[in-house]
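The structure appears below as structure tokens.
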Amino acid sequence: MKKLFEEFPPVSTEMWEQKIQQDLKGADYRKKLISRTYEGFEIRPYYRKENLDDIPFLNVLPGQFPWVRTRKKENNDWRIRQDIKVVSIEEANEKALDILMKGVDSVGFDFSGYEGEISESVIERLTKNIFADIVELNYTAVASPVALSGILTALAKKYNRNLDKIRGEIDYDPLGDALVHGKLPQDYLHTVKEMIRASEHLPHFKTLLIKAKHFHNAGANITQEIAFALAQAVDYLDFLTDMGLSLREILPKMKFHFAVGSDYFMEIAKFRAVRYLFAQIIKAYGLSEETCEGIHIHAETSSWTLTLYDPYVNLLRSSTQALSAVLAGVDSLRILHFDAAFGKENKTAERLARNQQLIMKHESYLDQVIDPAAGSYYVENLTLQLIQSAWAEFLQVQEQGGFLQALYAGTIQQKIKTSLSTKEQDLAKGKLAILGVNRFPNRNESLDSEDVLPESAATAAGTDIETLPVRRAATAFEKIRHQMDIFASQNKRPKVCLIPYGNLAMRRARAQFAGNFFAVAGFEIVELQVDHLEDAAKEVAAIQPVATVFCSSDAEYAALPQAVVQAVKEHSIPVIAGYPKEALDYLRDIGIEEFIHIRSNILERMEYFVSLSIPQ
């Protein structure tokens, strides 16, 4: 039998490169085709089989050390998690039973709004008719985590549950939470030790979390997420072994919580890389490959990428994020519902979030194939690059004395802030797109509420550690647009006029660009349809817009009549859509004040135009 494609001659890398150079027609190869990631390494335009030559883990099978391809051996199943705010014990139990009948098999009970004492009877009522050896039960924001550890063991024995099958977690990560709250709890290591001891009869129940999601949601890049999570884990291992616990006691109780962002292939590589590196760390502690249990990972879709405006787009974002996590083989996944940024419960949104995972599992069968990215030239190289860059970052933290020392010194915070600043600059210039916010906003949408955009909390007085609060990428843009919405709720919404003329293709493209540019701030966009520029100037006088944008080709800008510009300028700020280098001096001479183009700082320009529109 003939092999597929054998009639085609092989094409060497040199031949590909020659063809690319030919098609580039002298353009700079690196500038055009090589992209640089936020993690600091380069992405090639294509990868070939030869790019796998230096990959050290290609022959590793699923379930084998170092678990690049996950700990799973038979399938890629994962748990579908949904969290419940606990205010009333009975209502939380009722909701848990309801969602368990709708496909959820991992329930998180969030006690952050609960004011009562957490006793054995409370937990018994909360989990009534829930079989703990079938359903994963997780507890968040618990005031007495040690007591709860003991309660869960006592209840499991009382109801004769199979202790080996009980899975779940108590959310306790004092080192990670210090980045958010600025302080470490008193005797936190003693608390961790007691939780481990109190739950020792529940071998698969986790009582020590590594919440790497804090790094992501504060603006860290993926290299930093991995490195800081590993450094945090090593601190816990060192501290707790010094207190007399063994690695075999600590490791089964440890679980990593990662956020999963929108860089699709990079996120797949992230989970593969962190499994590999954690395996190497555990091996360095002296455990044999045969006795290493591996890393347990819970993923949660990114709150950094959530938007208030055009919130249904969040469904698309969380779908691709969840897909990355699932294909990478996480153990459990929580999808934040599309309007989670509003901070309110919404049954419809929660149902959609559940169904996103159910479709992936029961219609797309993504639970059937382990590590489908294995062997991909691109993903395998991304994995290796993340391993190398994260390990270098991890070693830098260790040289400072470990995670906690670096946290007190502010090094970790500074690194994350540098990463955040780079992303914010790209967001402001539109290089990093947020659909519905800084790219293609919904012009008919508005938010009138005064309390939808709370300020990010700064480090509070009296804290020991500089805090980095959870952020959202869209916040700066949303504040500007929300300011416009509030003003428009009591006044006429400020307008921007577009004057398309001349070359049909260019005027359409630049009118669309200009309309989206100003719609980012919530301006009402009025596109004038006139035969003569002089007529457009008359319409501008009647409308009285904040700005008027001429939309045409560079060649036609060079012949823009001064009389038209001056007539517009009497009632509005004249703006050019584009940056015609050859005609800049002429346009400025005839009265053009602003140029908007793909290199413009959208955020900066919108702040300026909004300041002109709204009385300060």
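Bear in mind that the values in this text are calculations on the coordinates, not laboratory data. Quick caveat: nothing in here was measured; it's all calculated off a predicted structure. Neighbour counts run over all protein chains shown; Cβ positions are idealised from the backbone, glycine included.
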For segment 492-613: rounded, prolate or oblate by the Cα gyration tensor [a/c cutoff 1.5]: rounded
Whole-angstrom gap from segment 18-68 to segment 157-172, using each part's C-alpha centre: 45
Reachable aspartates and glutamates, given that their alpha-carbon falls under 20 Å from the alpha-carbon of residue 581 and they are not under 8 places away in the same chain: 554, 556, 589, 593, 594
Pairwise Cα inverse-distance average, inverted: Kirkwood Rh of segment 13-52 (Å): 11.3
Extension gain, residue 289 back to residue 130 (0.36 nm per residue minus Cα-Cα distance, nm): 53.6 nm
Overall dimensions of the chain by Cα: Rg and Dmax, Å: 28.1, 89
Cβ-Cβ FRET estimate between residue 88 and residue 141, R0 fixed at 22 Å, reported to 0.05: 0.85
Nearest-0.05 FRET efficiency for residue 448 and residue 75, computed from C-beta distance (R0 35 Å): 0.15
Over 32 Å between alpha carbons, listed pairs 3/361; 31/211; 19/423; 128/206: 3/361; 31/211; 19/423
Segment 91-100 - phi-based ³J(HN,Hα) in whole Hz, Karplus 6.51/-1.76/1.60, Gly and Pro as x: 5, 5, 5, 4, 5, 4, 4, 5, 6, 5
Peptide ranges 111-117, 325-331 listed from the most packed, as the mean C-beta count within 10 angstrom indicates: 325-331, 111-117
Residue 547 long-range amide H proximity, modeled H, under 5 Å: 497, 573
Cα-Cα over 26 Å, subset of 495/569; 73/255; 85/253; 157/283: 157/283
Between 0 and 90°, nearest 10: helix 313-327 axis offset from the chain longest Cα axis: 40
Selection of trypsin sites (Lys or Arg not before Pro), segment 348-448, meeting DSSP coil and at most 16 other Cβ within 10 Å: 429, 431, 443
Distance in nm between pseudo-label sites at residue 310 and residue 509 (7 Å out along the Cβ direction from Cα): 2.1
Among 55-63, 203-211, 74-82, 191-199, the order from most to least packed when residues are scored by Cβ within 10 Å on average: 203-211, 191-199, 74-82, 55-63
Relative contact order computed over the chain (Cα-Cα under 8 Å; 6+ residues apart), in percent: 13
Estimated [θ] at 222 nm from DSSP helical runs (n ≥ 4, -39500 (n - 2.57)) normalised by residues in the chain, nearest 500: -13500 deg cm²/dmol
Segment residue 265-residue 604, extension gain: residue separation times 0.36 nm, minus the distance between their alpha carbons: 118.9 nm
Cα centroid of segment 323-337 to Cα centroid of segment 94-140, whole Å: 21
Quotient of Cα Rg and 2.2 N^0.38 Å for segment 290-356, N being how many residues it contains: 1.27
Net length gained if the chain between residue 19 and residue 585 were fully extended (0.36 nm per residue, minus Cα distance): 199.7 nm
Whether segment 26-180 is rounded, prolate or oblate, judged on the alpha carbon gyration tensor where a/c under 1.5 counts as rounded: prolate
Label-point gap, in nm, between residue 97 and residue 418 - each point 7 angstrom along Cα→Cβ: 5.5
C-alpha center-to-center spacing [segment 534-582, segment 471-495] in angstrom: 26
Sites residue 50 and residue 359 - FRET efficiency at Förster radius 51 Å, r taken between beta-carbons, to 0.05: 0.85
Loop-located GluC sites (Glu not before Pro) in segment 371-454 whose Cβ has at most 11 other Cβ within 10 Å (DSSP): 450
Folded to 0 to 90 degrees: helix 602-613 orientation relative to the chain principal axis, Cα: 60
Cα gyration tensor shape of segment 1-83, rounded if a/c is under 1.5, else prolate or oblate by comparing a/b with b/c: oblate
